[in-house]
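Participant: Got a structure for you, questions after.
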Amino acid sequence: MEMRIVIVGDGKVGYALTEQLSSEGHDVFVIDSNPKVLQNSMETLDVMVLEGNGVSLNVQIEAGVPESDILIAATSADETNLLCCIIAKKLGCKYTIARVRNPEYAEHTEFLKNDLGLSMTINPERRAAREMFRLLQFPDFLKRDSFVRGRIELVELKVKDKSPMLGMKLSDLYATAKVKVLVCAVERSGEIHIPTGSFVLEKDDKITVAAQTIDLVTLIKNLKIRNYKINEVIIIGGSNIAVYLSELLIESDVEVKIIEKDYNRCLLLADLVPEALIIHGDGSVKETLSSEGLQKTDALITLTNIDEENIILSMYANYLGVPKTITKVNRIEYSEIFQEKGVDSMVSPKLLTASEIVRYVRSIDNNTDIAVLNLYRIANGKAEALEFQVDSTIRNINVPLSQIKLRKGILFVSFSRKGKMIIPNGNDVMKEGDLVVIVTSGSHMIQHLNDIFLD
């Protein structure tokens with residue numbers, strides 16, 4: 001169903017949302033005070049734009065907020081975003097979504113969500129920190145997402161030289177892994193494959209594997225994937241992400257060292273995360289990194305505001321033999337190139353935020369139980385993993401999967417039935433009440449579970 005969506009703020013997050021939601025067929029209207037960025041969005045994305053202040057009552061009325069389904073406030077100021085949503089709700093907009101970065105505001109808005117008229121709040125920095133923390137728990141994973149209340153994991157791995165998976169047919173994977181797993185997607189030379197059992201893995205393939213969370217340790221052991229504990233982490237850049245990530249790491253008994261150039265920010269960091277070691281210095285200088293023990297650390301996290309600097313620092317750490325690097329980026333256009341040069345895990349707060357909001361938009365589309373419950377982009381955004389609840393309106397219930405005609409590039413990943421997890425084969429069937437996870441190539445835009453069937 002096409003919806004009318006107003007986006008306030010045409011920065012990195014706003015543009016990513018505009019691009020995704022307009023490509024999904026929604027009527028998107030963008031408000032921003034900068035005419036240059038609006039001109040770019042209007043020309044490249046073919047959307048309606050309005051120059052002005054999003055908190056202005058007249059501007060919202062001119063943008064058609066009273067008749068809109070959703071308003072998304074994604075400016076850089078929390079107060080502006082909250083006020084935009086309050087005004088939009090008063091004008092009659094059905095749903096409002098605010099980007100809220102300040103942790104104090106985030107706590108208050110969750111408490112006052114109904115009073116403020118907020119449908120959803122999202123904190124990009126906190127979301128990015130959680131993603132990084134999960135990657136550090138299993139350092140050889142390039143990416144890690146969870147479904148079905150954390151019971152199913154989708155993890156991205158690279159097939160390396162001495163991997164037992166090298167040259168293996170996917171139908172033979174169970175004999176080696178000793179747990180039920182499913183390879184959902186394979187990225188090879190920039191192309192994405194939704195594979196069958198006859199697919200043969202090659203060196204440098206990036207594979208997305210689905211498995212039960214409780215089986216991850218066994219999977220790692222049997223596939224001879226390195227499994228080592230991260231005891232010490234160096235973070236370059238004392239951003240809010242650094243604060244959130246440090247709190248999670250310290251709680252897990254990991255030693256944290258933050259290198260920050262701004263002296264006043266160092267003083268604030270010392271108050272916010274007193275258990276971390278705060279270093280006043282330039283983390284992009286070789287001598288600083290050497291004196292702080294980069295070669296001996298278990299992981300380097302680069303969180304400066306400059307993508308190029310983060311990438312170069314991660315490449316340097318990889319050259320020195322640092323076991324794990326995580327790189328914060330806003331632009332991921334060249335991620336495939338850099339990942340071949342030693343940048344293993346990239347995390348984009350912008351794309352995480354956009355994906356979370358798109359998931360919510362799809363979940364309220366038609367307001368039905370068969371809308372998307374969960375959505376993650378995998379394989380550098382070239383495929384999607386989606387979670388649905390099966391109800392009586394779903395076709396092909398109780399039909400063996402091998403007999404169901406699916407659209408090309410669709411794969412069933414897992415069923416959850418009365419607390420039991422199933423990694424399905426062709427003999428399994430969907431039943432009413434199941435939680436179902438599917439993977440689809442990026443060429444499909446799936447809003448409801450029935451969209452995956454050919455008949």
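The values are calculated or read from the model by the stated rules, or taken from the named source; none is laboratory data. From a predicted model like this one, the values you see are computed outputs, not experimental measurements. All Cβ positions, glycine included, derive from the backbone under ideal geometry; neighbour counts span all protein chains shown. For accessibility, only protein heavy atoms count, side chains too; no ligands or nucleic acids. Shrake-Rupley method; radii C 1.70, N 1.55, O 1.52, S 1.80 Å.
Participant: Rounded to two decimals, what is Rg over Rh for the range 128-208 when you use alpha-carbon atoms and the Kirkwood radius?
Facilitator: Taking Rg over the Kirkwood Rh, I get 0.97.
Participant: Still on this model: Counting only other residues whose beta carbon sits under 11 Å from that of Gly409, what net charge do I get with K and R as +1, D and E as -1?
Facilitator: Local net charge: +2.
Participant: May I ask you to compute the full-extension gain from Ile61 to Leu267, defined as 0.36 nm times their residue separation minus their alpha-carbon distance, rounded to one decimal in nm?
Facilitator: Using 0.36 nm per residue and subtracting the Cα-Cα distance, I get 69.7 nm.
Participant: Please work out the average accessible area per residue across the range 176-292, using the 1.4 Å probe convention, and give it in Å².
Facilitator: Heavy-atom accessible area per residue stands at 48 Å².
Participant: Here is a further query. Taking a point 7 angstrom from the Cα of Lys221 along the C-beta vector, which residues in the range 162-194 have backbone N less than 12 Å away?
Facilitator: 178-179
Participant: Which value, in Å³ per residue, describes the convex hull spanned by the Cα atoms of the chain?
Facilitator: It comes to 150 Å³ per residue, whole-number rounded.
Participant: Ordering His448, His280 by how much accessible area each has at a 1.4 Å probe, largest first, what is the list?
Facilitator: His280, His448
Participant: Mark the label point 7 Å from the Cα of Thr196 along Cα→Cβ and return the residues of the range 420-455 whose backbone N is within less than 14 Å of it.
Facilitator: 426, by backbone N distance to the label point.
Participant: What is the sum of charges, Lys and Arg at +1 and Asp and Glu at -1, for the other residues whose Cβ falls under 14 Å from the Cβ of Arg226?
Facilitator: It works out to a net charge of +3.
Participant: Can you compute the helix-only [θ] at 222 nm over the chain? Use -39500 (n - 2.57) per DSSP H run of at least 4 residues, normalise by all residues, nearest 500 deg cm²/dmol.
Facilitator: -9000 deg cm²/dmol
Participant: Can you compute the FRET efficiency between Asn398 and Thr176 using 1/(1 + (r/R0)^6), with r the Cβ-Cβ distance and R0 = 35 Å? Round to the nearest 0.05.
Facilitator: 0.60
Participant: If you add up the charges near Met165, with Lys and Arg at +1 and Asp and Glu at -1, over every other residue whose beta carbon is less than 15 angstrom from its beta carbon, what do you get?
Facilitator: +3
Participant: For His108 and Arg130, calculate 0.36 nm times their separation in residues minus their Cα-Cα distance, and state this gained length in nm to one decimal.
Facilitator: Net length gain for the segment: 5.9 nm.
Participant: Sticking with this one: Heavy atoms only, probe 1.4 Å: what % of the accessible area of the range 195-336 goes to carbon and sulfur, would you let me know?
Facilitator: Summing carbon and sulfur atoms, their accessible area is 51 percent of the total for the range 195-336.
Participant: FRET efficiency for Gln295 and Thr213, Cβ-Cβ distance as r, R0 = 41 Å, nearest 0.05?
Facilitator: Calculated value: 0.75.
Participant: If you don't mind, another one. Cβ neighbours within 10 Å, averaged per peptide: list 311-322, 8-19 in order, most packed at the top.
Facilitator: Going by the mean number of other Cβ atoms within 10 Å, highest first, we get 8-19, 311-322.
Participant: If we sort 154-164, 397-407, 374-384 on the protection proxy, mean other Cβ atoms within 10 Å, highest first, what's the order?
Facilitator: 374-384, 154-164, 397-407
Participant: Here is a further query. Kindly list the residues of the range 140-165 that lie in the label zone of Tyr228, defined by a backbone N under 15 Å from the point 7 Å along the Cα-to-C-beta vector.
Facilitator: 140-141
Participant: Something else: Filter the cross-link list Lys203/Lys431; Lys169/Lys224; Lys224/Lys286 down to pairs whose alpha-carbon distance in this structure exceeds 27 Å.
Facilitator: Violating the 27 Å Cα-Cα cut-off are Lys203/Lys431; Lys224/Lys286.
Participant: On full extension of the chain, what length is gained from Glu251 through Lys162, given 0.36 nm per residue of separation minus the C-alpha to C-alpha distance?
Facilitator: Residue separation times 0.36 nm, minus the Cα-Cα distance, leaves 28.6 nm.
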